[in-house]
Ligand SMILES: NC(=O)c1ccc[n+]([C@@H]2O[C@H](COP(=O)([O-])OP(=O)(O)OC[C@H]3O[C@@H](n4cnc5c(N)ncnc54)[C@H](O)[C@@H]3O)[C@@H](O)[C@H]2O)c1
């Protein structure tokens with residue numbers, strides 16, 4: 001059901017790789033809620049061309065390649081998006097994550113530092129670069145909303161999440177710091193949404209992901225939140241109904257983050273008397 005919550009709003013969505021991507025669902029829901037969208041992803045991620053199917057499904061949204069670690073690419077993206085929209089932008093979704101150390105199974109205690117830099121650059125500093133370019137170009141409307149996706153490993157240890165945990169901590173810190181400056185200067189809000197484990201290309205790269213997703217399901221009173229529900233929450237954050245929410249890390253996890261243990265997990269440890 002569409003309430004046209006984003007009617008008249010224009011947004012850039014980073015990170016739709018295939019139809020499992022959280023960003024893909026966000027693009028679909030935002031479009032259904034009345035938004036106009038520009039899609040972007042790293043040039044290398046577009047080789048399969050799947051993003052063109054998404055573009056076609058949401059009113060031929062332009063697809064503008066940008067490596068989110070390149071300030072030059074981001075400048076080109078914002079220039080082209082403003083030109084396409086004929087004006088400023090109302091919302092941005094940062095849905096980007098990648099760790100070469102995770103991909104190549106390097107243990108956290110033995111990281112390859114060159115890759116560690118890449119993890120932090122792609123998964124966290126890219127948000128700073130995006131906000132910096134947007135601010136410098138005065139590309140976002142007042143009360144504009146920027147959302148980045150994160151995971152609770154920023155606050156607590158999940159051993160196999162590896163150096164992505166450090167990247168997410170940095171991402172959440174950038175959200176607070178830039179959120180302060182952008183809010184003060186232009187009333188732009190910046191938040192992270194901390195999502196349940198979700199079956200996607202990035203998600204399933206984490207070792208032991210299938211077992212972990214079941215554990216998380218059992219540890220969440222409402223169960224794991226799926227990608228489509230995450231998209232609904234992102235859209236709520238882009239809408240005018242959440243104008244005074246900024247600099248927050250918002251858990252979208254079925255209650256996982258506030259749960260110490262659940263009965264179903266305790267039952268697994270039951271001993272026979
Ligand atoms: N899947 C999960 O379990 C889960 C849970 C919590 C948070 N998240 C976060 O959600 C976000 C989206 O991930 P997803 O699960 O939809 O997986 P995904 O693999 O579909 O999306 C990750 C995206 O990052 C893009 N990307 C990588 N390097 C890039 C670069 N240099 N420039 C621009 N884009 C680049 C990829 O092309 C891809 O589209 C990530 O930030 C991820 O950490 C995922």
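The values are calculated or read from the model by the stated rules, or taken from the named source; none is laboratory data. The shown structure was predicted, so the numbers you read here are calculated from the model rather than taken from an experiment. All Cβ positions, even for glycine, are placed from backbone atoms using ideal geometry, and neighbour counts span all protein chains on display.
Residues being modelled with pLDDT under 95, away from the ligand (no atom under 13 Å from the Cβ) and buried (at least 16 other Cβ atoms within 10 Å of the Cβ): count how many of those fall in the range 173-214.
Selection size over the range 173-214: 0.
Is the range 163-172 home to any residue that is buried (at least 21 other Cβ atoms within 10 Å of the Cβ), under 18 Å from the mean Cα position of the chain (by Cα), in contact (Cβ under 8 Å) with a residue 60 or more places away in the chain and assigned to a loop (DSSP other than H, G, I, E, B)?
yes
Please indicate, with yes or no, whether at least one residue in the range 20-29 is in contact (Cβ under 8 Å) with a residue 40 or more places away in the chain, more than 12 Å from the ligand (Cβ to nearest atom), in contact with a helix residue (DSSP H, G or I) (Cβ under 8 Å, 6 or more places away or on another chain) and over 20 Å from residue 228 (Cβ atoms).
No: the range 20-29 contains no residue that is in contact (Cβ under 8 Å) with a residue 40 or more places away in the chain, more than 12 Å from the ligand (Cβ to nearest atom), in contact with a helix residue (DSSP H, G or I) (Cβ under 8 Å, 6 or more places away or on another chain) and over 20 Å from residue 228 (Cβ atoms).
Scan the range 126-154 for residues that are out of contact with any strand residue (DSSP E or B) (no Cβ under 8 Å at 6 or more places or on another chain) and at negative phi and jot them down.
128, 129, 132, 133, 135, 136, 137, 142, 153 - these are the residues of the range 126-154 that are out of contact with any strand residue (DSSP E or B) (no Cβ under 8 Å at 6 or more places or on another chain) and at negative phi.
Identify the single condition in (1) under 19 Å from the mean Cα position of the chain (by Cα); (2) under 14 Å from residue 231 (Cβ atoms) that residue 5 does not satisfy, given that it satisfies every other one.
(1)
Would you pick out the residues in the range 30-81 that are surrounded by fewer than 16 Cβ atoms within 10 Å (Cβ to Cβ), touching a strand residue (DSSP E or B) at 6+ places or on another chain (Cβ under 8 Å) and within 25 Å of residue 120 (Cα to Cα)?
Those that are surrounded by fewer than 16 Cβ atoms within 10 Å (Cβ to Cβ), touching a strand residue (DSSP E or B) at 6+ places or on another chain (Cβ under 8 Å) and within 25 Å of residue 120 (Cα to Cα): none in the range 30-81.
I'd like the full set of residues that are crowded, with 19+ Cβ neighbours inside 10 Å, part of a helix (DSSP H, G or I) and away from the ligand (no atom under 13 Å from the Cβ), limited to the range 121-158.
Within the range 121-158, 131, 133, 134 qualify.
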